Amino acid sequence: MAYVISEDCVACGTCISECPAGAISEGDIYKIDADACADCGTCADVCPSGAINPAE
């Protein structure tokens, strides 16, 4: 199950530098490539706005 980034994202960039799979891309709201996501949860652990959660 990949992780997703909600509209609560403030585009701070913290998750990009922590993602070991390089699955996150920049934008007004960052996006996670579900096919590249390693499901490790590191991005969710470091997100200061709590915008990253497991996909449903």
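The values are calculated or read from the model by the stated rules, or taken from the named source; none is laboratory data. Everything quoted here is computed from the prediction, not taken from an experiment. Cβ placement follows ideal geometry from the backbone for every residue including glycine, while neighbour counts extend to all protein chains displayed. With ligands, DNA and RNA removed, areas are computed over all heavy atoms of the protein, side chains included. Shrake-Rupley method; radii C 1.70, N 1.55, O 1.52, S 1.80 Å.
Only DSSP H runs of four or more residues enter the estimate; each adds -39500 (n - 2.57), and after division by the residues of the chain the mean residue ellipticity at 222 nm equals -3500 deg cm²/dmol. Here the chain exposes an accessible surface that is 45 percent carbon and sulfur, computed with a 1.4 Å probe and the other protein chains kept in place. Accessible area per residue for the chain, computed on protein heavy atoms with a 1.4 Å probe, is 62 Å². Report note on the peptides 37-45, 21-29: ranked by the mean count of other C-beta atoms within 10 Å, highest first, their order is 37-45, 21-29.
Note on THR42 and GLU7: with the Förster distance fixed at 35 Å, the Cβ-Cβ geometry gives a FRET efficiency of about 0.95. Think of each Lys and Arg Cβ as +1 and each Asp and Glu Cβ as -1; about the Cα centre, that makes the dipole of the chain roughly 100 debye.
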